[in-house]
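> Mind looking over this structure? Questions follow.
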Amino acid sequence: MAQTQDIELVVNGETIQASVPVRTNLVDFLRDHVGLTGSHVGCEQGVCGACTLEVDGVAVRGCLMLAVQANGSQVTTIEGVSAKLVGRQLQRAFVEHNALQCGFCTPGMIASSIEYIEQGGASDRAAIREHLSGNYCRCTGYQSIVDAVVSVIDKGAAA
Amino acid sequence: MSGPLHKFDQPNSYIGRSVERPDASRLVEGEGCYVDDLQLPRMTHAAFVRSQYAHANIKSVNVDAARALAGVVAVFTAGEINAEVSPYVGTLTHLQGLRSPPQLPMADRVALWQGEPIVMVVAQSRAVAEDACEQVRVEYEPLDAMVSARQALDNDKARIHPELDSNTAWVKDVDAGDVSAAFSKSDVTVVERTFQFGRHTGVTVEPRSTVVEFNRSDNTLVFHYSGQAPHMMQAIIARHLDFPEENIRVIARDVGGSFGIKIHTYGDEIATAVAAKLLRRPVKFIADRLESFTTDIHARDHRIDGKIGIDREGKIVALEIDDLTGIGPYSMYPRTSAIECNQILNLTGAPYDIENYRARGTVVFQNKNMMCQYRAVGHPVAMAVCDSLLEEAASEIDMDVVEIRRRNLISDDAYPCTSASGMKFADLSHQKSLQRLVEMMRYDQLRKDQVELRKAGIYRGIGLVSMVEVTNPSPMFYGVGGAPISAQDGATVRLDAAGALHVSCSITESGQGTNTILAQIAAEVFGVDIKRVKVTTGDTAHVPYGGGTWASRGAGIGGESVLLASDALKSQVLEVAASILQTTPDTLQIERGVVVSSADGSEKISLDELGRIVYYRGNELPAGVNAELIATRHYKVSDFPFVFTNGAMAAQVEVDIETGFIKVLDFWVVEDCGRVINPKLVDEQIRGGVVQGIGGALYEECLYDDDGQYLNATMADYLVPMAGEMPDIHIEHVETPTSTSTLGAKGAGEAGTGGAPAAILNAVNDALRPLEASIFQMPMTPERVLNALRVS
Ligand code: FES
Ligand code: FES
């Protein structure tokens, strides 16, 4: 198999063409080649959720997907979430509720929260906690994150 | 002081207000800058070959194939790296008798724990560096591994360090009053239990991360650091890599969590600095998760025999503990690995009025990863042992657990006082906090509900803890023992030409909100809108010398230094203003960026106009006016070794007796951390801490097999608390400002982690009591709960 492959994808609205080593995962590609360092890497095993981002409307683990698999896709990272109203609302709510401390888990938390809200998730603390249980946060204790998501849903998010 | 400080309590004060964090807006946009985000010209990437064995002679190392791989820049053996470093020793003179052999960054002839670095590969990418690591051949001769602390203690012949006469690193005894006599009195009920606390680790989401740059032209080194104590790191690199200290700049930008994990001397990070120096180009080392689990410091791992005696009134007559802990092959440098045991000896029973107290601590070497200070050092162990013994004793004499605490907690009017272990206490509020807790949680109602539910086969338990927390440490913590760790912090505050305030301070930010509270203090004390305060922390080139953020010292010590500097600057500005206005400083005040008349509040001159006069049109100033719009002040705690805080916490849990699963239903905290600067930030510190404590009580444990092989080094196997399992946490405050400072702030960072395990342990045992089962081992996994039920 070839060591590198040419890909073209749209990241936060911008078309990116690159020749990437086939073994490079999507989050490393975005961080190291595209220069979008907002997505974080905590485990490289799909467990911590820090690398969660949106590919073709679905929240995925950037460490579990190869860059070449994203060929032809639309990718949204934390740097691009404010293009959507729900993204902006969550960013504001996270600040208001202090739903982050070190901020390392935050890009992934926001991506998972967007997914929950866009799927029509209810303003139900237990359901939100359940949905966010794939995203690890060592700092906050989660309550303020749940508060932030609840506040956006209660205000009536528009996608 | 130039201003009346009671204004902190006024409704418009920035102090006591939940101001939003400016840093947070940056981080939610993905605009943070963590160490791994740095991309520097000609930067290289490091990976390490690490010992596969817990204890082995290294017979040979062959790096030829690795060196030949395309993309590899250099391969360094342990000998090559170690030759550039002078050995470091993890002892402190005030921990008398503590010993630890000299240590170097990498294992040359013998490896003492699984994960110890042996070969360093530097390549054009981390992926290539890892490819090259696979090409390195290491020939080992495996040796017997001393894995458990007991095994290491008992086995005198198989010594981890042949040059020492045993595997014991340190022993300490405390003996106050007459414990034996108290236990032997006829009316005394004696309860004995053995407690086991598993090894935990910090699991910061951002792993340990280091980038080092070296400039040969001027022999300077820039250390990009994900950690809490930049000046400590600067001193360590200078000492052990033989650099002039001033030629080293340590920069900590955004830090993705630390909790004490990133405040120690790690061989791989020192090796990264050496490699940068030898290669004359930037080297990046980012630990992967396997490296984090096997080499980030671990903590806890204590086995304690505890014994309490109470009389018929429920009064504690004596307390005794015997602690055995294993710390890995060395005592960690420079904070040492004996501090946790020392804290346990100091803090067990500290909230209570106890005359007779005896404690022994034994610290041994073993072939496991090293142990050192992690959030709430010693507290969770000390609090769990004492408060569990107390609740067990209460049940023996059929006394309510709140009542027995009321009878034993030091009374709120007894301060200052000294504990049996010699701790000096002042300004605490145990009784009041307990009362507030009981009201907040509706204790009596919960007890009634509990009885009803038991009839339906639902086993709920309620557990409490009364705790102290060590905060605001003085030089007595490390400095006195010879460590290059500052106990004082400094702040510089200056006014610019546009009337804005610039604060730089030696404490650091890793998400607690440090920069925000410093801005609040400066804005309030000086008198400007908080939007006009810019804060710099985490860069040895730009902040005054100081200790950084650890042991809950940021607000109390760093905050006080900012208060003093802001106040000094205010006096200077008022003098300049008075000379311009031809009046005296005492007739003026600064409010919202304007110098006003203190008599009627009328505006006299704005700070931006004053700045322009001083900086641009100095000719307008009267002769002899020394307009220095900058002030620096330093602060340390001097009357006490530490400033203690106190708290009371409670948990309600439900135990599923079929599966052994424990669900935490509710958690309540009453915290007295003195003056609260930002209620939201404090509460979130406490919540995060409680969840970390619940993790330690129920899920987290670094597991090793008998050969010292780490068994659960992934985040899927080392369980941490996730959102779905955690309860909402209710918090209230009692505010007893510390009289050691003007600000009156104490720390709050350790409270949750220190107290929650005890409350959870007590709650679980309360739930199991009707089944005559009990558990005294953390984490309380479903398997251990089921075993406890089976034994009963
Ligand atoms: S880095 Fe992808 S899930 Fe942890
Ligand atoms: S805010 Fe630090 S890990 Fe979530």
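> Counting only residues 5 or more places away or on other chains, whose amide H sits under 5 Å from the amide H of B:LEU40 once H atoms are built in the peptide plane?
Distant-sequence amide H within range of B:LEU40: zero hits.
> With a 1.4 Å probe and all protein chains left in place, how much of the accessible area of the stretch A:4-80 comes from carbon and sulfur atoms, in whole percent?
Result for the stretch A:4-80: 42 percent of the exposed heavy-atom area is carbon or sulfur.
> Short version: ³J(HN,Hα) in whole Hz for each residue of the stretch A:43-57, in order, from phi by Karplus 6.51 cos²θ - 1.76 cosθ + 1.60 (θ = phi - 60°), x for Gly and Pro, what are they?
9, 6, 10, x, 9, 7, x, 5, 8, 4, 8, 9, 10, 6, x
> Taking the Cβ-Cβ separation of A:THR15 and B:GLU130 as r and a Förster radius of 25 Å, what is the calculated FRET efficiency to the nearest 0.05?
0.20
> Follow-up question, since we're still on this one. Helices from chain B with mean Kyte-Doolittle at least 0.5 and a Cα length along the axis of 24 Å or more, per DSSP H: which?
B:559-581, B:751-768
> While we're on this one: Which value in Å is the Kirkwood Rh of the stretch A:12-148 over different Cα pairs?
Hydrodynamic radius (Kirkwood, Cα only) of the stretch A:12-148 equals 15.1 Å.
> Okay, next question. Need the C-alpha centroid separation for the stretch B:193-261 versus the stretch B:323-379, integer Å.
One Cα centre to the other: 23 Å.
> Something else now. For A:CYS102, list long-range residues whose amide hydrogen, built 1.01 Å from N in the peptide plane, is under 5 Å from its own amide hydrogen.
So A:CYS102 has HN proximity to no qualifying residue.
> Right, another one. Hey, with R₀ at 22 Å, roughly what FRET efficiency would B:ASP165 and B:THR93 work out to, going by the Cβ-Cβ distance, to 0.05?
It comes out at approximately 0.60.
> Over 31 Å between Cα atoms: which of B:LYS604/B:LYS636; B:LYS59/B:LYS172; B:LYS531/B:LYS636 fall into that group?
B:LYS604/B:LYS636; B:LYS59/B:LYS172
> Something else: What accessible area per residue, rounded to a whole number of Å², is obtained for the stretch B:683-752 using a probe radius of 1.4 Å?
Heavy-atom SASA per residue in the stretch B:683-752 reads 28 Å².
> Roughly to the nearest percent, how much of the accessible area of the stretch A:84-154 is carbon and sulfur, given a 1.4 Å probe?
That share works out to 51 percent.
> Which length gain, in nm to one decimal place, applies between B:ALA716 and B:SER86 when the Cα-Cα distance is subtracted from 0.36 nm times their residue separation?
222.9 nm
> With every protein chain in place, what's the accessible area of B:GLU452 (1.4 Å probe, Å², nearest 10)?
Counting only protein heavy atoms, the figure is 110 Å².
> Continuing with the same structure: On a 0 to 90 degree scale, rounded to 10, what angle separates helix A:143-155 from the longest Cα axis of chain A?
Roughly 80 degrees, rounded to the nearest 10.
> Rounded to the nearest 500, what is the 222 nm mean residue ellipticity of chain B from helices alone, with -39500 (n - 2.57) per DSSP H run of 4+ residues and division by all residues?
When only DSSP H runs of four or more count, the value is -8500 deg cm²/dmol.
> Only Cα pairs under 8 Å and at least 6 apart count here; give the relative contact order of the stretch A:84-154 as a rounded whole percent.
Relative contact order of the stretch A:84-154: 49 percent.
> Also, I was wondering about something else. I need the GluC sites (Glu not before Pro) found in the stretch B:641-672, filtered to DSSP loop residues with at most 13 other beta carbons within 10 Å of theirs.
B:GLU658
> Once the whole set of protein chains is in place, how much accessible area is left on A:VAL22, using a 1.4 Å probe, in Å² to the nearest 10?
20
> Separate question: With a 1.4 Å probe and all protein chains left in place, how much of the accessible area of chain B comes from carbon and sulfur atoms, in whole percent?
46
> Ignoring ligands, DNA and RNA, how much accessible area is buried between chains A and B, both sides summed, with a 1.4 Å probe, to the nearest 100 Å²?
4000
> Taking 0.36 nm per residue of separation and subtracting the Cα-Cα distance, what length does fully extending B:LYS663 through B:GLN709 add?
Length gained between B:LYS663 and B:GLN709: 13.5 nm.
> Quote the FRET efficiency, to the nearest 0.05, computed for B:GLU452 versus B:ASP400 with a Förster distance R0 of 25 Å and r equal to the Cβ-Cβ distance.
That gives a FRET efficiency of 0.90.
> Quick one: compute the contact order of the stretch B:479-566, relative version, from alpha carbon pairs under 8 angstrom and 6+ residues apart, as a percent.
With pairs under 8 Å counted, the relative contact order is 40 percent.
> Follow-up. Each residue of the stretch B:360-376 in turn: what ³J(HN,Hα) in whole Hz from Karplus with 6.51, -1.76, 1.60 and θ = phi - 60°, glycine and Pro shown as x?
Couplings: 10, x, 10, 10, 10, 7, 7, 8, 9, 4, 6, 10, 6, 6, 10, 2, 6 Hz.
> Output ³J(HN,Hα) for the stretch B:26-41: one whole-Hz value per residue in order, computed from phi by the Karplus curve 6.51 cos²θ - 1.76 cosθ + 1.60 with θ = phi - 60°, and x for Gly and Pro.
Calculated HN-Hα couplings, in order: 5, 6, 6, 8, x, 9, x, 9, 8, 4, 5, 7, 6, 10, 10, x Hz.
> Highest first, please rank the peptides B:80-92, B:741-753, B:46-58, B:179-191 by the mean number of other Cβ atoms sitting within 10 Å of their residues.
Highest mean packing first, the order is B:741-753, B:46-58, B:80-92, B:179-191.
> To the nearest Å, what is the center-to-center distance of the stretch B:567-646 and the stretch A:31-59, using C-alpha atoms only?
48
> What number comes out for accessible area per residue over the stretch B:141-189 if the probe is 1.4 Å? Units Å², please.
Solvent-accessible surface per residue comes out at 56 Å².
> Can you give the average number of partner chain beta-carbon atoms within 10 Å of each beta-carbon in peptide B:200-209, as a whole number?
Per residue, the number of nearby Cβ atoms from other chains is 4 on average.
> Rounded, prolate or oblate: which fits the protein assembly as shown when a ≥ b ≥ c are the square roots of the eigenvalues of the alpha-carbon gyration tensor, with rounded for a/c under 1.5 and prolate only if a/b beats b/c?
Since a/c stays below 1.5, the shape of the protein assembly as shown is classed as rounded.
> What trypsin sites (Lys or Arg not before Pro) in the stretch B:343-448 are in a loop by DSSP, with at most 14 other Cβ atoms within 10 Å of the Cβ?
Here the trypsin sites (Lys or Arg not before Pro) that fit, given the DSSP loop and packing criteria, are B:ARG442.
> Here's a follow-up. How high is the relative contact order of chain B, in percent, with contacts defined as C-alpha pairs under 8 Å that are six or more residues apart?
It rounds to 16 percent for chain B.
> Also: Near the amide H of B:GLU732, under 5 Å away, which other amide H atoms are found, from residues 5 or more places off or on another chain, if H is placed in the peptide plane?
B:VAL669, B:VAL670, B:GLU671
> Sorted by accessible area with a 1.4 angstrom probe, largest first, how do B:THR201, B:THR781, B:THR536 fall?
B:THR536, B:THR781, B:THR201
> How far apart, in nm, are the 7 Å Cα→Cβ label points at B:LEU278 and B:GLU141?
Spacing of the two 7 Å Cα→Cβ label points: 2.5 nm.
> Report the paramagnetic label zone for B:GLU313: residues of the stretch B:340-380 whose backbone N is under 16 Å from a point 7 Å from Cα along the Cα-to-Cβ axis.
Inside the label zone: B:353-356.
> Would you please name the chymotrypsin sites (Phe, Trp or Tyr not before Pro) within the stretch B:245-341 that are DSSP coil residues with at most 16 other C-beta atoms within 10 Å of their C-beta?
none
> At a probe radius of 1.4 Å, what is the per-residue accessible area of B:TYR615, in Å² to the nearest 10?
110
> Ordered by packing density, taken as the mean number of other Cβ atoms within 10 Å over each peptide's residues, highest first, how do B:160-173, B:544-557 rank?
My ranking of the peptides, most packed first, is B:544-557, B:160-173.
The values are calculated or read from the model by the stated rules, or taken from the named source; none is laboratory data. None of these values were measured; they are calculated from a predicted model. Cβ: placed from backbone, ideal geometry, glycine included. Neighbour counts: every protein chain shown. For accessibility, only protein heavy atoms count, side chains too; no ligands or nucleic acids. Shrake-Rupley method; radii C 1.70, N 1.55, O 1.52, S 1.80 Å.
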